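A quick write-up on the structure given underneath.
The values are calculated or read from the model by the stated rules, or taken from the named source; none is laboratory data. Source: prediction; values computed, not measured. Here the Cβ is made from the backbone with ideal geometry for all residues, glycine too, and neighbour counts use every protein chain on show.
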């Protein structure tokens, strides 16, 4: 029976991936790294209302995320230009969400090692680890206990 659910399997490099959150019509997911680490753990995004939408790298790296009461997502991560805490919002009606730097660590993003990983997967199952918490939970923990 087809439920019409969009499935995005997290395979390969993303087999340990988690759903960081949903902002508007966009799901953000990846394998969280450690704050301050030079190893890259990208945060990927994908529009869940468009089955033909391709995933894309949203942040160069992230270590944790929490859903805010207003529907935005607060993420500790880095872009190519900034490292710190970002508020991610928007993502409605086919638009990509925006990341606003709220607190800068002062750490240079240029010092991060560059790595070329495999492209993000095109499918994901909505039964993510996050659902075990019954609400927002840290994505750096394998379970919420």
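Once segment 66-79 is narrowed to residues that are in contact (Cβ under 8 Å) with a residue 40 or more places away in the chain and closer than 13 Å to residue 20 by Cβ, the residue that is surrounded by the fewest Cβ atoms within 10 Å (Cβ to Cβ) is 66.
Within the group 109, 82, which residue is modelled with pLDDT of 85 or more, farther than 18 Å from residue 19 by Cα and surrounded by 15 or more Cβ atoms within 10 Å (Cβ to Cβ)? On inspection, the qualifying residue turns out to be 82. If you go through segment 26-38 and keep only what is buried (at least 23 other Cβ atoms within 10 Å of the Cβ) and assigned to a loop (DSSP other than H, G, I, E, B), you end up with just 32. Among the residues of segment 53-106, those identified as under 13 Å from residue 26 (Cα atoms), outside any strand (DSSP E or B) and touching a strand residue (DSSP E or B) at 6+ places or on another chain (Cβ under 8 Å) are 53, 54, 55, 71, 72, 91, 94, 96.
In the condition set (1) modelled with pLDDT under 50; (2) outside any loop (DSSP other than H, G, I, E, B), residue 143 is compliant with all but (2).
Residues in segment 39-52 include at least one that is under 17 Å from residue 19 (Cα atoms), within 12 Å of the chain's Cα centre (by Cα), surrounded by 18 or more Cβ atoms within 10 Å (Cβ to Cβ) and free of Cβ contacts under 8 Å to residues at least 40 places away in the same chain.
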